[in-house]
1. Report the one residue of 152, 47, 91 whose Cα lies farthest in the direction of the positive end of the charge dipole of the chain (charges on C-beta: Lys and Arg +1, Asp and Glu -1; origin at the Cα centre).
2. Rounded to two decimals, what ratio of Rg to Rh does the stretch 1-96 give with C-alpha atoms and a Kirkwood Rh?
3. Can you give the angle from 0 to 90° between the axis of helix 137-149 and the longest principal axis of the chain, with both taken from C-alpha atoms, to the nearest 10?
4. Just to be sure I follow: if Rg is taken over the C-alpha atoms of the stretch 114-163 and Rh is the Kirkwood radius over the same atoms, what is Rg/Rh?
5. Taking Cα atoms of the stretch 1-56, Rg/Rh with Kirkwood Rh, to two decimals?
6. Scan (1) 10.6; (2) 11.9; (3) 8.7 for the value of mean projected area of the Cα convex hull in nm² calculated from this model and give just the label.
7. How far, in degrees from 0 to 90, does helix 12-28 lean away from the longest principal axis of the Cα atoms of the chain, to the nearest 10?
8. Nearest 0.05, what FRET efficiency do residue 21 and residue 114 give at R0 = 41 Å with Cβ-Cβ as r?
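FYI, it's all coordinate maths here, none of it is from the lab. Because the structure is a prediction, the values reported are computed rather than measured. Here the Cβ positions follow ideal geometry from the backbone for every residue, glycine too, while neighbour counts run over all protein chains shown.
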Amino acid sequence: MPSFDVVSEVDIQEVRNAVDQTAREVGTRFDFKGTESKIEFDGKGEISINSVSEDRVKAIIQILEEKFVKRHVSLKSLDHQNGEEAAGARWKQITKLVQGLTTEKAKEIGKYIKENGTKGLQHQIQGDQLRITGKKRDDLQNAIAMLKEHDFGIPLQFENFRD
């Protein structure tokens, strides 16, 4: 039976490169001189931004988002947390990477396929991915097109398409 997997993954190396480019740009731009602004990536999925004011942090986030777009990393994979005041009259904000399908999102995608897809499609949650199977290859291709059109709030990729 033909099948494919729906996943939500982010290329960590591209994220690391985007954060490094952002840090370099912040270090050389005139409007950041003397602010001791920092952006750091822990390698697991958390980006911390630290600067003198909330406005400077927002400017760094804007630079980071530009770098993400240039590196073809979806902005849907960023989850900006609420900023907070840090020690020494500074401002700190954490941004988390959204990776993997949660059970709720997988159920939402499965429900969407059942409601809008063809009748022969079935779905099964397997960890942080969703496997969709059907009798015809065309039905699966229609399902992929349908999922690409709908916004689930997370980046989706389609892998392991098998006949």
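1. Value: 152.
2. Radius of gyration over Kirkwood radius for the stretch 1-96 works out to 1.07.
3. Roughly 30 degrees, rounded to the nearest 10.
4. Value, to two decimals: 0.92.
5. Numbers: Rg = 16.5 Å, Rh = 13.4 Å.
Rounded to two decimals, Rg over Rh is 1.23.
6. Derived directly from the coordinates: (1).
7. 20 degrees
8. In this case the efficiency is close to 0.45.
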